[in-house]
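What follows is a single structure, written as structure tokens, with notes after it.
The values are calculated or read from the model by the stated rules, or taken from the named source; none is laboratory data. Owing to the predicted nature of the structure, the values given are computational and were not obtained by experimental measurement. So basically every Cβ, Gly included, is an ideal-geometry build from the backbone, and we count neighbours across all protein chains shown.
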Amino acid sequence: MPLADRDEELVQRGRNGDASARRTLVERHVDTVYRVAYRLTRTRSEAEDIAQDVLARMLDYREGWLSPISFRVWIRRAVLNRVIDASRSRQRWSIMRPLDDGLDVADGQPDAEAAAETNQQASAVANAVRALPARQKMVIVLCHYENLSLADAAAAMKTSVGAVEQLLQRAKAALRVELRALEP
């Protein structure tokens, strides 16, 4: 990737007033920022507010994100921090909307039945994840939904790789227990 197209360079150019660099950064990261915020808040309006706030602040930081982590990890850390701030005042956490929204199961055909079963399983997983403690939810979102490595998730959460591994193990164990309880 040419130097001018790297996020780090775009951030610097954006801070120096380059409107096209700002637009490129926002276009490049708006979907990710919104997706992470939505998975953690489950509220469209709150996720939009958080995304807008994070993207606006990203260009205003004068010292910037000068750290050993990559920009893609830094932006996720910024979203996590903003979600934590918002949740402290509202005291509600969730991770994603039920996956059965808008599912039309018509005429009992095998494809519709299979889709309904898959959707029920996905909803059960979503509900189980939603019930996890906040830090366990974060590690599931970062490692499984965002596909970050353990090291990148640790950097985003400002913790050690070992702590992320432990949170992940606890989250998986809790999910197994919860999902087994739902089995017929």
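Couple of notes before you dig in:
- Pair list, Cβ under 8 Å, 6 or more apart: region 41-62 residue within 13 Å of R22 (Cβ to Cβ), other residue not in a helix (DSSP H, G or I): M58/W65
- If you go through region 1-21 and keep only what is part of a helix (DSSP H, G or I), modelled with pLDDT under 85 and surrounded by 12 or more Cβ atoms within 10 Å (Cβ to Cβ), you end up with D7, E8, E9, L10, V11, Q12, R13, G14, R15.
- Entirely in region 115-184, the helices (runs of 4 or more DSSP H) that have 2 or more residues that are outside the structural domain of A78 (by TED's automatic domain parsing), basic (K, R) and more than 17 Å from V83 (Cβ to Cβ): 161-182
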